[in-house]
Amino acid sequence: MPILLFHSDQDDVVPIETSETLAEARPDIVKYVRVAGAPHVGAWNVDHVRYEATVSDFLQSVGHGE
């Protein structure tokens, strides 16, 4: 199952290394987006244009964006 994963270097709840390890282990299924300066689950708030474009592109790539 394809995974789109956003994680911030400023997340104080979940260590970013967790996401980096998963992305490195499964580059075949993980699209990893490292976000600078966002709090936990705050990637959209930092750059909503990039976030929404990335989600749209991801959905198109897995066939769910028609």
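The values are calculated or read from the model by the stated rules, or taken from the named source; none is laboratory data. Keep in mind it's a predicted model, so treat the numbers as computed, not measured. Reconstructed Cβ throughout: ideal geometry from the backbone, glycine too, with neighbour counts over all protein chains shown.
Only one entry in F58, F6 is assigned to a strand (DSSP E or B) and either at pLDDT 95 or above or of a type in the set (S, T, N, Q) (or both), namely F6. Residues in region 6-55 that are touching a Phe, Trp or Tyr at 6+ places or on another chain (Cβ under 7 Å) and surrounded by fewer than 16 Cβ atoms within 10 Å (Cβ to Cβ): W44 only.
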